[in-house]
Structures are given as structure tokens and as C-alpha cells.
Amino acid sequence: FCAGLASQGLLPVFAVYSSFLQRAYDQILHDCAIENRHIVLAVDRAGFVGEDGETHHGLFDVPILTTVPGITVYSPSDASELSLCLEKALYRDNGVSVVRYPRGSEYYNSAMTEYSSYKFSGKHKDKLIFTYGRISAFAYQTSDIADVLKAIKIFPIEKDIIDICKQYNEIYCFEEGEKNGGIGEKLCSALYMSGYKGSFHITAVDGFVRHATSASQLSKANLDSDGMRRVIGGHNAKQA
């Protein structure tokens, strides 16, 4: 339906749960992407959904959608970024654009007033946290032990993101999504193909996640601030 509207010069925005969007892959690929139709997918329930249940987690949309040629995917971390990403997807992008956001309220507000595809907070440490979406808030709480690079446009991966990562000997990627085919694996591949010689560690979801609170799910996956410290500290202990 959105592809038909776009073919007539309209600009459709389709709001849909991440888990429901999995069933529409063929339509996105054949009806929208191949024809280069400009549509915007507003993908709700991206990431853990807590008590909504095992079948409602939005953990697979990134690995699925990033196989579509020409697609653009945004994963804002708060309401101000969400507004700017929607504006860019609507009025400055072409083809299929995706803006994904989680269930619930924001964890913090960056008060961003101008669009940027990433945000880098560096204090010249030798370790870098790369992340995106709402768990960026936890990464900033861990910034005393590692610099933080937050992607807002997560795909295609920006060249600037690769260039920043190459300055670090240790990179820790934290991703609230499926590890297999996720942004972490894509960034890791791009880095090593460009000659990167450091270490790259991915902490992400591997498999199905049972019913629990979002806080419990994030903690168990080491995607909250305590978990990030455990992961980074654990690797440091192994190297000592």
C-alpha cells in the first residue's frame, strides 16, 4: 500500500512493531526497494520489550533490513534525535528509510537541535565503546573507563565512524539486537578490511529472550552500565 502511494508522488510513513515488520520483508524488498520508492518505516518496539513477551522483542529488524540494497536505518537514542531523524528520512532521503525506536520512555535526553549521524565523546583513552539507541545512556555512564561513539544513522555505516574507531586499540561494541548480522559484525568487518590491527569485542543478543522486565533483560545481556563495566573489566583482567 505504501509503495502504491509513493508511486503516485505521496510520502507515506508506515508505523509498525519491529516483530511484525519481519513478515513484510518481501514487500519491502520487491515492492519498495527495487522500485526505489521513497517510504519511511517508523519501527516501534525496537530492542527488548520487557513484559510484552518473547515473540514481541525487536531484535531481528537490523539484521533483516540491512540486507536490503539502498536502505537507510536510523536508531535515535531519545526524543530529540527521533524528531530529527524523522525529518531527515522524510525530506532529505531517497528510497526506503527506517527510523527505529524502543518501547517505553527515554533514558536520557541529548537535547540535539541539529541532525548528526553520530556523536563522539572522546577524552583520549585507549578504549572505545561503540553503540547506538537507548543503551547509549549506559555507555555515557561508563565514559570514565572508555570513550564513547554513538551512531544515530546506523546503516550504511559512516566512513567517519570507521576512521574514529581505527584510532583505538580496543573497541567494545554493545548492541541491543541480534549479534548475527548486526551492526557490530558489519562494523567489525569494515574495520578489518580497512587494515585495523586492534581488538574488537561484540556484546549483543544471541538467541531468543524470555519474558522479564526490560531492566532485567538488559542486565542479563550486559547491556546496562554495570554490564558494560563487567565486559570491559573482564577483558582487562584476561590481559593482565
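Compared with the dominant principal axis of the Cα atoms in the chain, helix 183-193 is inclined by about 70°.
What aspartates and glutamates does Lys166 reach when the alpha-carbon gap must be under 12 Å and sequence neighbours fewer than 8 apart in one chain are set aside? Straight-distance partners of Lys166: Asp126. Given their separation in residues at 0.36 nm each and the Cα-Cα distance between them, Tyr91 and Arg230 gain 45.9 nm when the chain is fully extended.
Ordered by the count of other Cβ atoms within 10 Å of each Cβ, fewest first, Asp93, Asp147 give Asp93, Asp147. How much of the DSSP bridge set in segment 35-132 is antiparallel, in percent, rounded to the nearest 5? The answer is about 10 percent antiparallel.
Label positions at Gln22 and Glu54, each projected 7 Å from the Cα along the C-beta direction, are separated by 1.2 nm. Packing here is the average count of other Cβ atoms within 10 Å per residue, and on that basis the peptides 113-120, 81-88, highest first, run 81-88, 113-120. Residues Arg103, Arg230, Arg210, arranged from fewest to most other Cβ atoms within 10 angstrom of their Cβ, appear as Arg210, Arg230, Arg103.
Here the chain carries DSSP beta bridges of which approximately 20% are antiparallel, counting only pairs with both residues inside.
At 0.36 nm per residue, and after removing the present C-alpha to C-alpha distance, how many nm does the segment from His211 to Ser105 gain when stretched out fully?
Numbers: separation 106, 0.36 × 106 = 38.16 nm, distance 1.93 nm.
Additional length available on full extension: 36.2 nm.
Quick one: length gained pulling Ala190 to Lys125 fully straight, 0.36 nm per residue minus the C-alpha distance?
Values: separation 65, 0.36 × 65 = 23.40 nm, distance 2.22 nm.
In short, 21.2 nm is gained.
Relative to the Cα centre, the charge distribution of the chain, modelled as +1 at Lys and Arg Cβ and -1 at Asp and Glu Cβ, gives a dipole magnitude of about 500 debye. Once Cα Rg over 2.2 N^0.38 Å is calculated for the structure shown, the corresponding label among (i) 1.25; (ii) 0.99; (iii) 1.15 turns out to be (ii). Please work out whether segment 2-100 counts as rounded, prolate or oblate from its C-alpha gyration tensor, where a ≥ b ≥ c are the square roots of the eigenvalues and a/c under 1.5 means rounded, while otherwise a/b larger than b/c means prolate and anything else oblate? Since a/c reaches 1.5 but b/c is at least a/b, the shape of segment 2-100 is classed as oblate. Among the listed pairs Lys88/Lys127; Lys123/Lys220; Lys88/Lys159; Lys125/Lys179, give every one whose C-alpha distance is greater than 22 Å. Lys88/Lys127; Lys123/Lys220; Lys125/Lys179, as the Cα separations exceed 22 Å there. Here the relative contact order of segment 118-239, from alpha carbon pairs under 8 Å that lie six or more residues apart, stands at 25 percent. Rounded, prolate or oblate: which fits segment 118-239, taking a ≥ b ≥ c as square roots of the Cα gyration tensor eigenvalues, rounded meaning a/c under 1.5, else prolate when a/b beats b/c? It is prolate, given that a/c is not under 1.5 and a/b is the larger ratio.
Values in this text are rule-based calculations from the coordinates and carry no lab data. Because the structure is predicted, anything quoted here is derived from the model rather than measured. Virtual Cβ from ideal backbone geometry, glycine too; neighbours counted across all protein chains shown.
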